[in-house]
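The values are calculated or read from the model by the stated rules, or taken from the named source; none is laboratory data. Nothing here was measured: the structure is a model prediction, and the numbers come from that model. Here the Cβ positions follow ideal geometry from the backbone for every residue, glycine too, while neighbour counts run over all protein chains shown.
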Amino acid sequence: MTSTLNQLRRELESSWLNVLLVAAPLSWWLRQQDPASMWVFLSAAVSLVPAAGLIGSATEHLARRSGPTLGGFLNATFGNAAELIIGIAALRAHHTAVVKASITGSIIGNLLLVFGFSCFVGGLRNGSQKFNRTSAGTATVMLFLATVALVMPAVVDRVSFGSLQAHPEVIDRLSFWTSLVLLGVYAAGLVFTFRTSRDPLRGVPAHTRGDHMTTKASLLLLAAGTALTTIQAEILVDALAPALKQMGMSELFAGVIIVALVGNAAEHYSAVSAALRNEMTLALEISIGSSAQIALMVAPVLVLLSYAFGPPMSLVFNAFEVTAICLSTLAVAFVAMDGESNWLEGLQLLGVYVILGLAFFLIPG
Amino acid sequence: MTSTLNQLRRELESSWLNVLLVAAPLSWWLRQQDPASMWVFLSAAVSLVPAAGLIGSATEHLARRSGPTLGGFLNATFGNAAELIIGIAALRAHHTAVVKASITGSIIGNLLLVFGFSCFVGGLRNGSQKFNRTSAGTATVMLFLATVALVMPAVVDRVSFGSLQAHPEVIDRLSFWTSLVLLGVYAAGLVFTFRTSRDPLRGVPAHTRGDHMTTKASLLLLAAGTALTTIQAEILVDALAPALKQMGMSELFAGVIIVALVGNAAEHYSAVSAALRNEMTLALEISIGSSAQIALMVAPVLVLLSYAFGPPMSLVFNAFEVTAICLSTLAVAFVAMDGESNWLEGLQLLGVYVILGLAFFLIPG
Amino acid sequence: MTSTLNQLRRELESSWLNVLLVAAPLSWWLRQQDPASMWVFLSAAVSLVPAAGLIGSATEHLARRSGPTLGGFLNATFGNAAELIIGIAALRAHHTAVVKASITGSIIGNLLLVFGFSCFVGGLRNGSQKFNRTSAGTATVMLFLATVALVMPAVVDRVSFGSLQAHPEVIDRLSFWTSLVLLGVYAAGLVFTFRTSRDPLRGVPAHTRGDHMTTKASLLLLAAGTALTTIQAEILVDALAPALKQMGMSELFAGVIIVALVGNAAEHYSAVSAALRNEMTLALEISIGSSAQIALMVAPVLVLLSYAFGPPMSLVFNAFEVTAICLSTLAVAFVAMDGESNWLEGLQLLGVYVILGLAFFLIPG
């Protein structure tokens, strides 16, 4: 028992990000003072960064101990657990616009911000960096499949029903079956990984370089991380509506930029670390893979789960979201195509992110 | 004479697909019973598969005997003869929505279904398969040119005239001149082939591995195949309207999925056979080349021919068709880009096809 | 002094294009006869071709004498000076539709017409031509960033405000900040060049193969070229409105095709010369680099300058322009992707240009 607690303590001390865990009790205290304060929202958002990180570390420790097959499965399932948990909380509170916006934001954030920043700082330190083109190709194709799945319902909705707000039964059926196809392809991707030991979607950070943990300690860490993420996600979602009013932000901007940033901080950290170590293939797999995982697994699972919480959520994203996802996918495909990156390409991707962010900020809510 | 008949008999026996020829007399008998039955439509559809195959075989026998220049020309002209014949029949009956839908369906079907299935089964048998990137590049560019030609009239129509249904004179003129440009580039592609002996658009199956046929037998086979295809196409088109009503399908779905499948069955068979033999370059040339041929030759020829049958058909495809063509082209470009394929990429292309097919099925007619 | 004049004379005699300089006094004379004649517009347009060429030659002479850093900066600044001067003249006369159309036309003209014609004639003379893929990749990414910047305001405008004509404050702010991002990335591109001596955007012709000029003569030539371009641009813009009426052309067509052709004639000449000498990397850098320079530097500078001349110009391009820019970028990316070109690919790009030009010609004004 002491050894388990020691392992957990060492793990918590291994990353300075865990200092941010103090934001969790802070959010509880703030909430008692004034549940409608925007500071509840902000402190809960900050606390989700290390909480998501705990799930990631625990998953990786477990994966390392379980051999490639089960380990790959664990990574593929828990790699974006935080996004999924936040999404479920928002879904239960019927904030479907925020759920979709945070899916969009996770996809474009991983592609442009995470991969772009990795290219930028990696390029500044290491000059021109090469990476595995096959990895880049497979992940890009996966991502593109997801893009198709997100574009087509929006086109059908807009053209057949004249508006992206409408929500007829045809759209629900299209979303339902499309979600099943995406999950099927995602499952096939896992089988592919196990058969070839080449991971098409490596959505999980390899940032825990510290000591190994026992399975027991890892499971305890996973449970604690999941519980904390769930609690903080509930607080975040509860505090969302008043915070938006106070900060003058739209649900779209909050979802695309803020919620998405929180959920992907762990990927961000691991990808940038890999880029600084001149391991661009890993940085690329983390960032593009995580994007694809959001689109192929998190998004369809949330669509299917939405049937449990009232009127189903569709896969119809709004025109800005569809445009942003398409443009980000193409931008990354062009950068990754030639198998090398430099700081200028990184800066260009960041430029695309800033332009998209500006647009999401300025779009009337 | 006996020898010619013997050759024809051997040819018919060389492919089990020809068993489906019995569907032709069946469709005649069914039509006598009840011309408005959906079974007439279905049996005519089935009979078109081997009928189109006969034209393909005959063309290839002739091409093999005529040397590369004339042979290439024959392949380029008769390679998609079945699609052209079906298109003309539908055009004469003023089913322009079906004509356009079957053009769309042939393009996306060859790209996603034929090439995707080739990657899938070829990858399952042979593992990761490599192919010639230059072939992939040239075919993709050809296809992209065609995409531009199909996108621009739709944008002009929609933005200038507020609806994709309108049909003003400007659109007709744009369609007419765009068709001439496409045919011009197609002709240049043929010249390129003859000069470099490298085929940018190899739209024709190489599936007749059997004995050689005399020119006389080949011409007889070509005539018989063309006649049968023409008759069955007429029956199909006649039975279309009642069949749609009985089956509750839209013209869009019938054209994009059913008619297109029938016309491309031969390409499907040849491409998949090539992929199983680990000749992925050939599979790619058949599928992508056939798509480009439909777009650069069949579509503009049908636009020009439409002037003979009443109000001209424009090149204005609807928003679903334009989106589906763009997405398919990009999907294949991303897969072909890196010069190798595996079963997962094949499955992903099939996934894109299923999602597009679902959308076409669910779109209200 | 005599030596300076001699150098200027030799420079003028070094290119047959300079014969077209007689169109300048001709336009002055025609203008005195009848300022509302379309011949004033046409002669001013013709005279701008050599006038722009003079700026280009002078810049290159100066660049060659100033070492790579200052030289690169000069090229990057004056490389598209003619487009900028014409743009300012049109902006001052509140012809914002023409300004945007000429930006669009310069981008697609450099990509499709200049690069396409280079591939075509280079391929006819030299067969299949190879070029540096890294150059192609970097320029394509730069260009794609610009595409995003031009797509997103149009989508926001159209979806949020229902029309591409509206001009609310949100759009102005989005345009303003997006312009700053573009200029920032452009500046970073210059820094990248100076640090790596590898030019990501080589927008300037290398066509003056003649004798070197003294700095004094070069500066004199630059001043003369700039002055002449400014005067002729004013005349062109003044004569625009009556000329459009007489020729029955829309502002859109005049800007996209005619004004853009005039401003890019120098790039056209240099790129094609390079292609004929089998220096396709240079041809590609000139054409794609010039496109990117227009989008990343000329367009944002014009947006920022517009605040000085009355109501600001936005970055909202119309649906045809956005579609044309996206399609052109993708077409060139597909051609450049495989690192080689042939005359057929050139012809295909020209085909895309003709189809887009047809659409712009037929769109009701």
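Only one of the listed residues (B:45, B:51, B:24) is within 18 Å of residue B:246 (Cα to Cα) and either without any contact (Cβ under 8 Å) to a residue 24 or more places away in the chain or in contact with a helix residue (DSSP H, G or I) (Cβ under 6 Å, 6 or more places away or on another chain) (or both). That residue is B:45. The condition (being at negative phi and touching an Asp or Glu at 6+ places or on another chain (Cβ under 9 Å)) is satisfied by just one residue among B:75, B:6: B:75. When each of C:59, C:4 is tested for being part of a helix (DSSP H, G or I), crowded, with 18+ Cβ neighbours inside 10 Å and either of a type in the set (Ser, Thr, Tyr) or over 20 Å from the mean Cα position of the chain (by Cα) (or both), the lone residue that passes is C:59.
Out of curiosity, is residue B:250 closer than 29 Å to residue A:137 by Cα and within 14 Å of chain A (Cβ to nearest Cβ)? No.
For the range A:1-21, which residues satisfy the criterion of being in contact with a helix residue (DSSP H, G or I) (Cβ under 7 Å, 6 or more places away or on another chain) and of a type in the set (Phe, Trp, Tyr)? None - no residue of the range A:1-21 is in contact with a helix residue (DSSP H, G or I) (Cβ under 7 Å, 6 or more places away or on another chain) and of a type in the set (Phe, Trp, Tyr), so the list stays empty.
Could you please find all residues in the range C:62-89 being buried (at least 24 other Cβ atoms within 10 Å of the Cβ) and at pLDDT below 85? C:75, C:76, C:79, C:80, listed by residue number.
Filtered by the rule that a residue be at the interface with chain B (Cβ under 7 Å from one of its Cβ atoms) and surrounded by fewer than 24 Cβ atoms within 10 Å (Cβ to Cβ), the range A:130-139 gives A:133, A:134. Here C:301, C:316 are screened, and the one residue that is more than 9 Å from every other protein chain (Cβ to nearest Cβ), in a loop (DSSP other than H, G, I, E, B), more than 30 Å from residue B:137 (Cβ to Cβ) and in contact (Cβ under 8 Å) with a residue 60 or more places away in the chain is C:316.
The set of residues from the range B:315-347 being acidic (Asp, Glu) and more than 16 Å from residue A:135 (Cα to Cα) comprises just one member, B:321.
Report yes if residue A:219 is within 28 Å of residue A:7 (Cβ to Cβ) and either buried (at least 24 other Cβ atoms within 10 Å of the Cβ) or more than 19 Å from the chain's Cα centre (by Cα) (or both), otherwise no. Yes: the conditions hold for residue A:219. Per this entry, residue A:160 is counted among residues that are surrounded by fewer than 19 Cβ atoms within 10 Å (Cβ to Cβ), at the interface with chain B (Cβ under 8 Å from one of its Cβ atoms), farther than 20 Å from residue A:184 by Cβ and more than 18 Å from the chain's Cα centre (by Cα).
Candidates in the range C:300-310 are the residues that are of a type in the set (A, V, I, L, M, F, W, C) and surrounded by fewer than 21 Cβ atoms within 10 Å (Cβ to Cβ); of these, the one that is nearest to residue B:144 (Cα to Cα) is C:301. Looking across the range B:319-329, the residues that are more than 7 Å from chain A (Cβ to nearest Cβ) and among the small types (Gly, Ala, Ser) come down to B:324, B:328. Inspection of the range B:19-28 finds a residue satisfying the criterion of being under 19 Å from residue B:257 (Cβ atoms) and of a type outside the set (Gly, Ala, Ser). Taking the condition at the interface with chain C (Cβ under 10 Å from one of its Cβ atoms) and not polar (S, T, N, Q), does residue B:124 pass? Considered against the rule, which asks whether it is at the interface with chain C (Cβ under 10 Å from one of its Cβ atoms) and not polar (S, T, N, Q), residue B:124 comes out as no. Checking each residue of the range B:9-21 against the condition of being surrounded by 16 or more Cβ atoms within 10 Å (Cβ to Cβ), outside any helix (DSSP H, G or I) and modelled with pLDDT of 85 or more gives no match.
Confirm whether residue C:147 is facing chain A (nearest Cβ under 7 Å) and part of a helix (DSSP H, G or I). Against the criterion (facing chain A (nearest Cβ under 7 Å) and part of a helix (DSSP H, G or I)), residue C:147 does not qualify. Whenever a residue of the range C:188-200 is more than 8 Å from every other protein chain (Cβ to nearest Cβ), its partners that are surrounded by fewer than 19 Cβ atoms within 10 Å (Cβ to Cβ) and at pLDDT below 70, lying with C-beta atoms within less than 8 angstrom and at least six residues away or across chains, give the pairs C:194/C:68; C:194/C:69; C:197/C:68. Exactly one residue out of A:208, A:229 is modelled with pLDDT under 85, under 21 Å from the mean Cα position of the chain (by Cα) and polar (S, T, N, Q): that is A:208.
Each row is one residue, and each column tells you yes or no for (1) surrounded by fewer than 24 Cβ atoms within 10 Å (Cβ to Cβ); (2) in contact (Cβ under 8 Å) with a residue 60 or more places away in the chain; (3) in contact with a Leu (Cβ under 9 Å, 6 or more places away or on another chain).
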position: A:275; (1), (2), (3): no, yes, yes
position: A:312; (1), (2), (3): yes, yes, yes
position: A:321; (1), (2), (3): no, yes, yes
position: A:324; (1), (2), (3): no, yes, yes
position: A:331; (1), (2), (3): no, yes, yes
position: A:340; (1), (2), (3): yes, yes, no
position: A:356; (1), (2), (3): no, yes, yes
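Checked against (1) modelled with pLDDT of 90 or more; (2) within 14 Å of chain A (Cβ to nearest Cβ), residue C:109 passes all but a single condition, namely (2). Checking each residue in the range B:330-359 for being more than 7 Å from chain A (Cβ to nearest Cβ) and at pLDDT 90 or above picks out B:343, B:346, B:349, B:350, B:353, B:357. I'd like the full set of residues that are under 19 Å from residue C:336 (Cα atoms) and part of a helix (DSSP H, G or I), limited to the range A:330-365. If the condition is that a residue be under 19 Å from residue C:336 (Cα atoms) and part of a helix (DSSP H, G or I), then A:330, A:331, A:332, A:333, A:334, A:335, A:336, A:337, A:345 are the ones that fit.
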